[in-house]
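**Q** There's a structure below that I have some questions on.
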Amino acid sequence: MKSDALRGHLDALLLATLDGGALHGYAIIEALQRRSGGALDLPTGTVYPALRRLERAGHVASEWSTVAGRRRRTYRLTGAGQRALSDERAAWREFTVAIEGVLGGGPWPEQA
């Protein structure tokens, strides 16, 4: 998938991925790839700066932990992140309805 197609949607994708619970950075990347059927294979250089941006905005919180001797930063949604995700999902539904109306090839509405 072209990275341009993700422009403006990355934050929503990350928030939605964290909606199921806290994950460390690489697990987020794997979940995006798995949930998208392999279409989203994002580099760490894209994901980690976005996670830091979401953390600065108060939408995610992170903490360090040690798993099998390795330090990992785990991210989770905050209350503000839950609200932002809800808003993003509503905007996405509105957007897809509008685009489907144009690209879907259905009948054009009558002009008044």
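The values are calculated or read from the model by the stated rules, or taken from the named source; none is laboratory data. Keep in mind that this is a model prediction, so the values were computed, not measured. Positions of Cβ are backbone-derived with ideal geometry, glycine not excepted, and every protein chain shown enters the neighbour counts.
**Q** Looking at 56, 76, which is the one that is of a type outside the set (Phe, Trp, Tyr), at pLDDT 95 or above and exposed (fewer than 11 other Cβ atoms within 10 Å of the Cβ)?
**A** Of 56, 76, the one residue that is of a type outside the set (Phe, Trp, Tyr), at pLDDT 95 or above and exposed (fewer than 11 other Cβ atoms within 10 Å of the Cβ) is 56.
**Q** Pairs under 8 Å by beta carbon, first residue β-branched (Val, Ile, Thr) in the stretch 36-63, partner not in a helix (DSSP H, G or I), six or more apart or different chains?
**A** Final answer for the pair search is 60/75; 60/76; 60/77; 60/78.
**Q** Okay, moving on. For the stretch 3-23, does any single residue satisfy the condition of being surrounded by 13 or more Cβ atoms within 10 Å (Cβ to Cβ) and either over 13 Å from the mean Cα position of the chain (by Cα) or over 19 Å from residue 91 (Cβ atoms) (or both)?
**A** Checking the stretch 3-23: at least one residue is surrounded by 13 or more Cβ atoms within 10 Å (Cβ to Cβ) and either over 13 Å from the mean Cα position of the chain (by Cα) or over 19 Å from residue 91 (Cβ atoms) (or both).
**Q** Could you list all residues from the stretch 71-85 that are assigned to a helix (DSSP H, G or I) and under 14 Å from residue 21 (Cβ atoms)?
**A** 81, 82, 85
**Q** Here's another thing I want to ask about it. Just the residues that are under 11 Å from residue 14 (Cβ atoms) and not in a helix (DSSP H, G or I), please, taken from the stretch 45-70.
**A** 59, 60 - these are the residues of the stretch 45-70 that are under 11 Å from residue 14 (Cβ atoms) and not in a helix (DSSP H, G or I).
**Q** Taking the criterion of being touching a residue at least 40 places away in the same chain (Cβ under 8 Å) and either closer than 16 Å to residue 6 by Cβ or polar (S, T, N, Q) (or both), would at least one residue in the stretch 16-24 satisfy it?
**A** yes
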